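*Asks:* First the structure, which I've put down as C-alpha cells, then a few questions once you've had a look.
Bear in mind these aren't lab numbers, they're just calculated from the coordinates by the rules spelled out. Just so it is clear, the model here is predicted, and its values are computed rather than measured. Here Cβ is always computed from backbone atoms with ideal geometry, including for glycine, and neighbour counts include all displayed protein chains.
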C-alpha cells in the first residue's frame, strides 16, 4: 500500500532569524527536500536611484553609504571614482593611498561579518561571529577616529578624501595589522578543519563554472567556482598596480570554497595594508572641486571590487548640477539570481546555509 | 577485575545507609521524594545560571549580571516572566493533546532520579534492574514531544517533532549497547552494585563505551551538535514554537532536567558515582555532575550543528557497529581474563578504542545528500 | 563525505574555546562605564554661533535632505538678521556637509550621542536650542581648533591585551 504524499509550500518569510535582511523565499518542500523556490524581495526599496536625480553630485555621497551598509567605504569609493572619470578630475597621491587603506580595511570588516554569519547559520551558537565582531570593532574604532562615524562614513569626496588622518591613526593601525594574521589563524584553528563543518558544507550548493560566468556573478562567489577574475588585477584602478597580492581561487564552487576564499582574501588584504603603510607619502588630501559641479555631457561606468563583488555606477550627465540617470549595478542582486539552481535538490537546512554563503546585503538588492 | 583493591576507597562511615532510612517504608519514600524534587529544581536553576555565564565567558563576554549580584537571580527572573505570560492555545489544534504534551514529556525525566544513588544506599528505590528501568523510562518523553508537535497545528512544529523522534529512537540503541559493556564488567544491573564495583572508574576500562554513550546521550537530550529540534536559525523554535506560559516553562525545565539526568547517569556508570577519598560522598557526586555539565556546555559553544540525515547516518553506520564490537570485546575480556591485574587491561582497551575509531573513520561514508528532482 | 581527521578538528576547536575562557572579557558595562568617543564624532546635535553667522544659508543649500530652514530679513546697515534658524533632526542624517560648507565657521556638530526624545515634535530644534553654550560640547569635525581640546579616544586595539 503506497502512502500518498503531497508537497507543501513553506514560506521562509521576511522576518526570520537567519535571512540576512528582509528576504522572502517561497519554497515547495517534499518532506525535507526542496523542490522549487521563488525569491521575493523588494521589502527594503527606498528609491535611491530616483532621489539621486534631484541632488547634486556631492550630496549623493551619503546616499551611497546606505546601499551596502556593511561596506560603506567601498560604495563611496566606487561612486566618487565614477564621477572623477566623468569630469576628469585628478586625485592627489596621498589621497589615493588613504583610499586604498580604507577600502582594504573595509574589505576585512565585511568579510568578517560574512564568514561569521555563515558559521552562525551552520549552528555554531554565535561563538565564531562574536570573535569576529571583536576584530570588526577594532576596525570600526579606526574608522571612527578618522571620520567620526562607525557605519555610514561619508568619507570620500570627489577629488580625494575629506579629512587627513590624525596622528594616532598610524600607530594604532600598525598594531592592528600586526595582530590580525594571528587572529585569522585562530579562526582557522576553530573551524577550518572541523569535521562537522566539512560534512555540512563540502559539496553542498555547487555553482558550476559555466553558470557562474553566464549569470555574470562576481566577487568571492565567482572566484570560488574556479574563475580567476578580480577587478583589481584585470582593470586596475587607483594605485593597485603598485602592490603585490594574490587572488585566491577555489576549485569546486561549493559553500566550503566560498568560505575558504573569503578567509584567504582577509590575509591578502592585510598584506596590501602593510605595503600601503610603507609607501604612504605626504601631501594634500583633496583637490579643488567646485561645490556645484557641472560635468560635461556624457555617460560613464565606473566599477570597483567591493567585498561582495563588482560594484558599478552608471552615470549619465547632461551638464547640470544633478545626474540625469544614476544606476547602480549591485553585486548582491546579480549573485542572487543563481539561488534557485543552487538550492533545488538539497534539504531545508542546506537552503539556509547556501543562502548565507552567497553573502548578500539587502540594502544593495533593493536599493 | 572486580576483586582487586587499588586504594580508591569508599570513604567515611557515612558511606552506606540502611536501605529504608530513616525508618519505615512510607517515611523513606516521602523523604526521598522531597529530596529528589528539591535537588532537581535547585540544580536546574543553578544549571541555567551557570550555562549562561559559562557560554558568555567562552565568548569573551560577561554573561547576565544585572539581576542580583553576578546575575544569580536571573533564573528566578526567567521563571517569573514565564509564569506571568499569557497562555495561548492554538484555535485549531488538538486541545487535549496540546495540554497533555508537556506533562508527558517532563514526568519521565523526574522518574529517572528514583534509582540514582547519591550516597551508598541513599536512593529512593534500590531496584535490582536499575539501569534497565532508566532506559525504559527515558523513552517515554519522546511521546510528549510528538504530542507537542502534533497539537500545535503548525508546519514548523510538525517538522521539528518528526525530526526529533527519528533522532531519539535511532540513538537509543547505541546508548543501550554501551551500557551493556559496563554491566558486563560489573556483573549486575543494579546501580548500587555498579558503583560498588568501581574501584577504578569504568571510564578507564571502557573508553570507547564512554565515548559512544556520551555522544548518544547528547543526541538523546537534543543538545548541540544534535539540536535540530530547536535550531534557532532554521525553524524558529521547533516543536515548542506555539507554547507560552507555564507549558513552555515545563519544556524549558525538561531540557535542563534531562541534562542533569544524563550527567548523573554518566557519573554513576563511568566516573565512580559517589566514591572519592577525602570529602563527603554527596560532595563528590556533585563535583562529578558539575564537571560533566561543564563538558556539555563546552561542546555546545564550539561545535556547529549536524544535518538530520547526517545524524541518522552517523548513528546507524558509525556508532552502532562500534557499540556492537565494544560489547563483543568486553564480553571476551570478562570471560577469558578475569584475574589479570587491571593496568594492562586498561592499556589494551585504550589501544583498541583508538584503533577502532581510526579504522572506522576510514570506512565511514555518508551519502551525498542531493536528490535529483 | 568522510571523517578525514578522526575527530581531531573538533578537538582543536574545543582547545581554542577553552583558551578563551581565561581571557578578560571585553564588555563595557554601559551606563556605569562609558568609552570616550572620537574627537571628530558627528554627534547628535548642531551648535550654532549667532555672532559669526551672517545668514548666507550656504548650509541650507548643501544639506542633502533639506533639513535646515532659515528665514532672514535685512537690517538698517545692510546685513542679514536671522529670524528663524530651525533644524529638523528627524530628517537630518548627520553627514556633516553643513559644517564643512559654512564659510564663517559658525556651525558645529555636537559631541553627545545620548539625546533621544519621547515625542516627535521635540526633535525640531529651534533657534534658541541650538545656541552655543557652556553645557554643550562641540565636536572637532571640520574644526581643528576644537579637536585639540578633546580627550583621546579609547581604542579596543589597546584595551584588548592578548597574551602572545
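*Asks:* Using Cβ contacts closer than 10 Å as the measure, can you line up B:60, A:161 from fewest to most?
*Replies:* Values: B:60 19, A:161 25.
Starting with the residue having the fewest Cβ neighbours, the order is B:60, A:161.
*Asks:* Among A:69-81, A:276-288, how do they line up by average Cβ neighbours within 10 Å per residue, starting with the highest?
*Replies:* Going from most to least packed, we get A:69-81, A:276-288.
*Asks:* Give the average, rounded to an integer, of partner chain Cβ atoms located within 10 angstrom of each Cβ in C:57-64. Write out the running numbers ahead of the final one.
*Replies:* Values: counts 0, 1, 0, 0, 4, 5, 2, 12.
Going residue by residue through C:57-64 and averaging, the value is 3.
*Asks:* Same structure again: Can you give the FRET efficiency to the nearest 0.05 for residue B:83 and residue A:4, using r as the Cβ-Cβ distance and R₀ = 35 Å?
*Replies:* Working: r = 44 Å, r/R0 = 1.25.
The pair residue B:83/residue A:4 has a calculated efficiency of 0.20.
*Asks:* Per residue and in Å³, how big is the convex hull formed by the alpha-carbon atoms of the stretch B:103-238?
*Replies:* Numbers: hull volume 14.3 nm³, N = 136.
Taking the convex hull of the Cα positions in the stretch B:103-238, it is 105 Å³ per residue.
*Asks:* Specify the angular offset, from 0 to 90 degrees and rounded to the nearest 10, of the alpha carbon long axis of helix C:8-21 from the longest principal axis of the alpha carbons in chain C.
*Replies:* 50
*Asks:* Can you give the Rg to Rh ratio for the protein assembly as shown, taking only C-alpha atoms and Rh from Kirkwood?
*Replies:* Numbers: Rg = 32.5 Å, Rh = 31.3 Å.
Ratio of gyration radius to Kirkwood radius: 1.04.
*Asks:* Would you calculate the separation in nanometres between label points at residue B:362 and residue C:143, each defined as 7 Å from the Cα along the Cα-to-beta-carbon direction?
*Replies:* 7.5
*Asks:* Taking beta carbons within 10 Å but only from partner chains, what does the mean come to for residues B:307-317? The partial results should precede the final answer.
*Replies:* Details: counts 13, 4, 3, 6, 0, 0, 2, 3, 0, 0, 0.
That works out to 3 on average.
*Asks:* I would also like to ask the following. Within a 10 angstrom radius of the beta carbon, how do B:204, B:37, A:191 rank from fewest other beta carbons to most? Please list the in-between numbers first.
*Replies:* Values: B:204 17, B:37 12, A:191 27.
Neighbour counts put them in this order, fewest first: B:37, B:204, A:191.
*Asks:* Continuing with this model, one more query. Which shape class applies to chain B: rounded if a/c is under 1.5, otherwise prolate when a/b exceeds b/c and oblate if not, where a ≥ b ≥ c are the square roots of the Cα gyration tensor eigenvalues?
*Replies:* Values: a/c = 1.75, a/b = 1.23, b/c = 1.42.
Since a/c reaches 1.5 but b/c is at least a/b, the shape of chain B is classed as oblate.
*Asks:* Please work out the ratio of the alpha-carbon Rg of the stretch A:1-141 to 2.2 N^0.38 Å and round it to two decimals. Walk me through the numbers before you get to the answer.
*Replies:* Values: Rg = 21.2 Å, N = 141, 2.2 N^0.38 = 14.4 Å.
Rounded to two decimals, the normalised Rg is 1.47.
*Asks:* If a/c stays under 1.5 just call it rounded; otherwise compare a/b with b/c (prolate if a/b is bigger, oblate if not). Do that for the stretch A:155-251, with a ≥ b ≥ c from the square roots of the Cα gyration tensor eigenvalues. Write down the numbers at each step before the final one.
*Replies:* Working: a/c = 2.82, a/b = 1.34, b/c = 2.10.
Note, shape of the stretch A:155-251 comes out oblate.
*Asks:* With angles folded into 0 to 90 degrees, how steeply does helix A:348-358 sit against the dominant principal axis of chain A? Use alpha carbons for both and round to 10.
*Replies:* Helix A:348-358 and the main axis of chain A meet at about 20 degrees.
*Asks:* Further question on the same structure: Any idea what the relative contact order of the stretch B:90-363 is, in percent, if you count C-alpha pairs under 8 Å spaced at least 6 apart? Intermediate values should be presented prior to the final figure.
*Replies:* Details: 368 pairs, mean separation 67.3, N = 274.
Across the stretch B:90-363, relative contact order equals 25 percent.
*Asks:* Hey, another quick one. Hey, can you rank B:308-320, C:17-29 by average C-beta count inside 10 Å, highest first?
*Replies:* In descending order of packing, they fall as B:308-320, C:17-29.
*Asks:* Would you mind calculating the relative contact order of chain A from Cα pairs under 8 angstrom and at least 6 residues apart, reporting the percent as a whole number? If you can, show how the numbers build up before the last one.
*Replies:* Values: 671 pairs, mean separation 99.3, N = 367.
Answer for chain A is 27 percent.
*Asks:* Angle check, please: helix A:127-147 long axis (alpha carbons) against the longest principal axis of chain A (alpha carbons), in degrees 0 to 90, nearest 10.
*Replies:* 10
*Asks:* Mean separation of Cα pairs under 8 Å and 6+ residues apart, divided by the residue count of the stretch B:271-373: what relative contact order is that in percent?
*Replies:* Values: 20 pairs, mean separation 23.1, N = 103.
Relative contact order of the stretch B:271-373: 22 percent.
*Asks:* Moving on to the next point. What does the extension gain come out to for residue A:314 and residue A:327, with contour length at 0.36 nm per residue minus their alpha carbon separation? Intermediate results must be reported in sequence, preceding the final value.
*Replies:* Details: separation 13, 0.36 × 13 = 4.68 nm, distance 0.51 nm.
Stretched out fully, the residue A:314 to residue A:327 stretch lengthens by 4.2 nm.
*Asks:* Still on this model: Please say if the stretch A:8-366 is rounded, prolate or oblate, where rounded means a/c under 1.5 for a ≥ b ≥ c the square roots of the C-alpha gyration tensor eigenvalues, and otherwise the choice is prolate for a/b larger than b/c and oblate otherwise? Don't skip to the answer; put the middle values down first.
*Replies:* Values: a/c = 1.97, a/b = 1.36, b/c = 1.45.
It is oblate, given that a/c is not under 1.5 and a/b is not larger than b/c.
*Asks:* If each DSSP helix of 4+ residues adds -39,500 (n - 2.57) and the sum is divided by the residues in chain B, what number results at 222 nm, nearest 500 deg cm²/dmol?
*Replies:* Details: 14 runs with 227 residues, N = 373.
One gets -20000 deg cm²/dmol as the mean residue ellipticity at 222 nm.
*Asks:* Right, something else. Let me confirm one metric for peptide A:30-42, namely the mean number of other chain beta-carbon atoms within 10 Å of its residues' beta-carbons.
*Replies:* On the way: counts 2, 3, 7, 5, 2, 2, 1, 0, 0, 0, 0, 0, 0.
If you average over the peptide's residues, the count of other-chain Cβ atoms is 2.
*Asks:* Can you figure out the FRET efficiency of residue B:325 with residue C:104, using R₀ = 60 Å and their beta-carbon distance, to the nearest 0.05? Could the numbers behind the result be given before it?
*Replies:* Details: r = 87 Å, r/R0 = 1.45.
Approximately 0.10, to the nearest 0.05.
*Asks:* Quick one: order A:45, A:16 by neighbouring beta-carbon count within 10 Å, fewest to most. Provide the component values of the computation, followed by the final result.
*Replies:* Numbers: A:45 11, A:16 19.
Sorted ascending by nearby Cβ count, the order is A:45, A:16.
*Asks:* Sort C:105-118, B:94-107 by packing, meaning the average of other beta carbons within 10 Å per residue, with the highest value first. Before the final figure, lay out the partial values.
*Replies:* Working: C:105-118: 16.1, B:94-107: 17.8.
So the order, starting with the most tightly packed, is B:94-107, C:105-118.
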